[in-house]
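Please read through the structure below; I'll follow up with questions.
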There are 2 protein chains.
Amino acid sequence: MSANAWLAQLHENGYRITKARGAVVETVEKSTHALTPVEVYDIARKKYRALGLVTVYRTLEKLEELHLIQRVHQPMGCQAFISAGHGHQHLLLCKNCGQVAFFEGDDVDALTKVVAKKTGYLITEHWFQLFGLCAKCRAK
Amino acid sequence: MSANAWLAQLHENGYRITKARGAVVETVEKSTHALTPVEVYDIARKKYRALGLVTVYRTLEKLEELHLIQRVHQPMGCQAFISAGHGHQHLLLCKNCGQVAFFEGDDVDALTKVVAKKTGYLITEHWFQLFGLCAKCRAK
DNA sequence: TTTGTAAATGATAATCATTATCAATAAGTA
DNA sequence: TACTTATTGATAATGATTATCATTTACAAA
């Protein structure tokens, strides 16, 4: 999915297309790394100088609401985001370079069901992420 | 493991046993809910009035270092902790009451190996949590 | 095209969590 | 009991996030 498709999604949901949003969307959509709001701000401002940090927060909020991005939790903190353009997939983050890889999680659903039965919980959400070194960083 | 055993662990690792640490350890060790630093502070101060918030942060740091507690990530933010007294297990959090259940994750290791082979990553850490409603909250 | 209206914006201030600093205190060993 | 040094709590500093508000701008309707 392209940045334009994201903007179309925003429009379809009653949100307006602005230069600020264009810059944020373009930045997040094409990033292969999880970005914090401030990082998005720094990069997006190269495309649109007048952009305000607050607008970045607000735009990320909407993109998350539309499931166009997903939150990335890191061992030491939160508030980083990555495009969710690959459907429902899980993340694998390189601790050295920050590169993000996606992988399928068919087995996760099976495991979830087993746990639900054992614990009596109704499971509505899951959260699975791996951390390590990507092939490149391993070689160094 | 009891609060005393945790304090013994601290001592073994060259840290001193203080009233402040006693209060923090007692609070976190027996909690069935993930607690934020401020929550720990509020509860522990009932046991030891003079406790400072900064000491809570520092004590949690050490407990994490000794793997006595683990970080709990929530869909909307981080910095909450729960006892890691159950060995390496995964968490299941009730979104309504905050109750935490543990479950085994044998299947996770198998999945991890498959992903490592497919992606070429060296996987050093994983992070798996479920969210939902516990049996009690479901019934309401 | 032009115009009207409400959504969206950026600047600023306010709030909240976390970290750094430092003199005073207390743990634990000799 | 005394001494050394880790630990403490108070305070200040920092950094991230949220609230406020007057101004601007998207865009639908005329």
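If you take the beta carbon distance between A:Glu12 and A:Glu64 as r and set R0 to 22 Å, what does 1/(1 + (r/R0)^6) give as a FRET efficiency, to the nearest 0.05?
Details: r = 16 Å, r/R0 = 0.75.
Approximately 0.85, to the nearest 0.05.
Turning to a different aspect of this structure: Kindly provide log₁₀ I(q)/I(0) values, in the same order as q = 0.15, 0.21, 0.24, 0.31 Å⁻¹, from the Debye equation applied to equal alpha-carbon scatterers of the stretch B:87-140.
For the stretch B:87-140 at q = 0.15, 0.21, 0.24, 0.31 Å⁻¹, log10 I(q)/I(0) is -0.54, -0.79, -0.90, -1.17.
Placing the label point 7 Å from Cα along the Cα-to-Cβ direction, what are the distances from A:Asn13 to the equivalent spots in the other copies, shortest first, in nm to one decimal?
4.2
Under 13 Å from the Cβ of B:Ile17, count the other residues' Cβ atoms, weight Lys and Arg +1, Asp and Glu -1, and hand me the total.
Working: positive: B:Arg16, B:Lys19, B:Arg21, B:Lys62; negative: B:Glu12, B:Glu26.
Overall, the nearby charge balance is +2.
So what's the Cα pair-distance distribution over the protein assembly as shown, bin width 10 Å, in %?
Taking all Cα pairs of the protein assembly as shown, the binned fractions are 6, 24, 28, 26, 13, 3, 0 percent.
Still on this structure, please answer the following. Among B:Ile43, B:Val24, B:Leu10, whose Cα projects farthest towards the positive end of the dipole of chain B, with charges put on the beta-carbon of Lys, Arg (+1) and Asp, Glu (-1)?
Selected residue: B:Ile43.
Using 5 Å bins from zero, what percent of all Cα-Cα pairs in chain B falls into each bin?
Calculated P(r), rounded to whole percents: 2, 9, 18, 18, 17, 14, 10, 7, 3, 1, 0.
Can you tell me the order of B:93-99, B:48-54, A:22-28 when each peptide is scored by its average per-residue count of other Cβ atoms within 10 angstrom, highest first?
Values: B:93-99: 17.9, B:48-54: 13.3, A:22-28: 24.3.
The packing order, highest mean first, is A:22-28, B:93-99, B:48-54.
The numbers here are math on the coordinates, done by the rules we state, and not lab data. Every value quoted in this text rests on a predicted model; they were computed, and no experiment measured them. For neighbour counting, all protein chains shown are included, and Cβ atoms are generated from backbone atoms with ideal geometry for every residue, glycine included.
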